[in-house]
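The values are calculated or read from the model by the stated rules, or taken from the named source; none is laboratory data. Predicted, not measured: the structure shown is a model, and the values here were computed from it. Because the Cβ atoms are built from the backbone with ideal geometry, glycine has one as well, and the counts that use them run over all protein chains shown. Heavy atoms of the whole protein, side chains included, go into the accessibility calculation; ligands, DNA and RNA do not. Shrake-Rupley method; radii C 1.70, N 1.55, O 1.52, S 1.80 Å.
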Amino acid sequence: MEQWRGAQEAARRHRIEQVRARTERFDGDATLPSSPAVQRDLTAAITQVKHAAAGHQDHAADDQAAEAELTEQALEELRAVAWGQFMEGETDLVMTAVNSMGRPAAERIYGTDLVQRARRIASSSRSSRLTYGRR
């Protein structure tokens with residue numbers, strides 16, 4: 001029994017050493033670019049990522065970029081696919097947009113009616129009083 005405990009402790013120490021070695025190897029390999037303009041862009045990008053991780057997403061910039069990339073025909077196709085999925089009981093497409101870009105942007109893409117309906121179904125699916133399927 002004592003040998004088994006010793007082997008477990010040795011394995012645990014070995015895993016800790018591996019994690020430390022890997023962390024040290026990857027933490028120190030980044031070098032900053034020499035160009036001041038690139039450094040400013042990198043600093044701005046890092047700041048934006050940190051704000052997004054903290055929950056302070058800049059939805060306005062994301063919305064403008066997303067809307068600029070989508071043509072009216074692409075939006076119509078996207079809405080048709082979302083409505084089709086909604087009619088089958090799937091709200092993932094719309095809810096992913098709501099969660100990632102915010103409700104106003106999702107409403108501009110999919111329409112207020114579809115977003116409200118999808119949110120209603122998504123919230124009711126967490127209810128213990130509502131069941132789906134047959135008995």
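List every residue pair whose Cβ atoms sit under 8 Å apart, with the two residues 6 or more apart in sequence or on different chains, where the first one lies in the range 45-56 and is within 14 Å of Ser100 (Cα to Cα) and the second, anywhere, is at pLDDT below 75 and of a type in the set (Lys, Arg).
Within 8 Å, no pair qualifies.
Taking the range 110-135, which residues are in a helix (DSSP H, G or I), at pLDDT below 85 and surrounded by fewer than 15 Cβ atoms within 10 Å (Cβ to Cβ)?
Hits for the range 110-135 are Ser123, Ser124.
Quick one: what pairs do we get from the range 77-100, first residue among the charged types (D, E, K, R), second in a helix (DSSP H, G or I), C-beta under 8 Å, 6+ apart or different chains?
The qualifying pairs are Arg79/Ile109; Arg79/Tyr110; Arg79/Leu114; Asp92/Gln85.
Report yes if some residue within the range 23-37 is farther than 30 Å from Ser100 by Cβ, exposed (fewer than 10 other Cβ atoms within 10 Å of the Cβ), modelled with pLDDT of 75 or more and over 26 Å from the mean Cα position of the chain (by Cα); otherwise report no.
yes
What's the total number of residues in the range 79-109 that are part of a helix (DSSP H, G or I), over 23 Å from Ala52 (Cα atoms) and open to solvent by less than 70 Å² (accessible area, probe 1.4 Å)?
Residues flagged as part of a helix (DSSP H, G or I), over 23 Å from Ala52 (Cα atoms) and open to solvent by less than 70 Å² (accessible area, probe 1.4 Å) within the range 79-109 amount to 6.
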